[in-house]
Amino acid sequence: MSVYTDLVCTQCDVRLWLGKTIHDGHQPIYYHRGSAEDPPNWAIGELNAVLWKMLADHARHPLKVIVEGDSDYNPDSDATELGGVSDLDVSFTDYLRDWPGRSPGADNR
Ligand SMILES: [Zn+2]
């Protein structure tokens, strides 16, 4: 049985599904979205950009990596899911639209 993990801003109720939890007993080793043939999460540029934008957007907020089975894991919550498909969610494309962090050389800060 697969165990899933979310990165959640518990202040804003925004979450990013990290995928299947690959673990060694109790401790996660890494997370994987998609099938075994899909690239590792770190190699998916759009996902990587979403993660970095989330870290910027939620600076100083309580970010928590919540593993399925933890008491606060709730995939059915009304949290806004980045990359989710419900009306409450935001697609990766919309989330990253006009984000200057995608090509920082272009804005020379
Ligand atoms: Zn936040």
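The values are calculated or read from the model by the stated rules, or taken from the named source; none is laboratory data. Keep in mind the model is a prediction, meaning the values are calculated, not measured. Ideal geometry is used to build each Cβ from the backbone, glycine not excepted, and the neighbour counts take in all protein chains shown. The protein model used for the area step is the full one, side chains on, heavy atoms only, and it has no ligands, DNA or RNA in it. Shrake-Rupley method; radii C 1.70, N 1.55, O 1.52, S 1.80 Å.
Here S35 sits with roughly 50 square angstrom of accessible surface, probe radius 1.4 Å. Only one residue of L47, W99, V65 has its Cα farthest out toward the positive end of the dipole of the chain, where Lys and Arg carry +1 and Asp and Glu -1 on Cβ, and that residue is W99. Each Cα pair under 8 Å and six or more residues apart adds its separation to the average, and for the chain the resulting relative contact order is 27 percent.
Among the protein heavy atoms of the stretch 41-109, carbon and sulfur supply 50% of the accessible surface, probe 1.4 Å, non-protein parts ignored. GNM remark for the chain: springs join alpha carbons under 10 Å apart, and the peak mean-square fluctuation among R33, R97, R15 falls on R97.
In the context of the full set of protein chains, the chain has a per residue accessible area of 66 Å² (1.4 Å probe).
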